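Report on one structure; see the data block that follows.
No lab work stands behind these numbers, since they all come straight from the coordinates. All values reported here derive from a predicted model rather than from experimental measurement. All Cβ positions, glycine included, derive from the backbone under ideal geometry; neighbour counts span all protein chains shown.
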Amino acid sequence: MGTFDPSTFLDLTVTDPNSTVMTPVPEGEFTAIAGEPVIRQWTSKDGTKSGLALDIPWEVDDASVKAALGREKVTVKQGLMLDLNPQGGLDTGKGMNVSLGRLREAVGLNTAGQSFSFRMLQGKVAKISVKHRLDGEQVYSDVKGVTRLS
């Protein structure tokens, strides 16, 4: 691919329609590679609650899933709500950030005394559990759990 020109791309014409429905990743367990983590702020619909969440895109490493979906790259997102301490940092107290602890354990980053940052998750390999979520008539695939590869 040569030098990208946004103006030329804006003038690009196509005759084929775009898809309007995404085929969900099938439910099941798959080997996957963690992509770049994203921290996002959230606020409840009624505005009474807010906080931070961690989103991890997982690239499914399964030829049969890629073939079934007709895509070379298949990703599914894991979203975790984060518990914060009063200072606004990550709460590492008992019973706090359990989902994050399980994720870190699955990728070998949950050892006492070992430094951890969210960026260290990228590139780690684990087994993900994919479940479907309905939103009206749309079916979405979500990562509901992560375990160590056996």
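Numerical summary
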item	result
All lysines inside 30 Å of Lys66 as judged from Cα atoms, apart from same-chain residues fewer than 8 positions distant	Lys77, Lys124, Lys127, Lys131, Lys144
Over 18 Å [Cα-Cα, region 32-77], rounded percent	48
Where GluC sites (Glu not before Pro) in DSSP loops with at most 15 other Cβ within 10 Å are excluded, longest remaining stretch of the chain	73-136
Radius of gyration and maximum dimension Dmax of the chain, Cα, Å	18.7, 58
Centroid-to-centroid separation of region 60-133 and region 1-34 [C-alpha atoms, Å]	24
Positive-end residue of Val25, Val125, Leu100, charge dipole of the chain with Cβ unit charges	Leu100
Zone residues, region 11-33, relative to His132, backbone N less than 17 Å from point 7 Å out along Cα-to-Cβ	21-30
Interchain or long-range residues, amide H under 5 Å from Gly35's placed H	Trp58, Glu59, Gly123
Equivalent-ellipsoid semi-axes of region 93-150, from the Cα gyration tensor, Å, largest first	26, 14, 10
³J(HN,Hα) computed for each position of region 73-82 - Karplus, 6.51 cos²θ - 1.76 cosθ + 1.60, integer Hz, glycine/proline x	10, 10, 10, 9, 9, 10, x, 10, 6, 9
Residue-span extension gain [Lys77 to Gln41] - 0.36 nm each, minus C-alpha spacing	11.3 nm
Cleavage-rule hits, chymotrypsin sites (Phe, Trp or Tyr not before Pro), region 55-150, DSSP coil, Cβ neighbours within 10 Å at most 14	Phe116
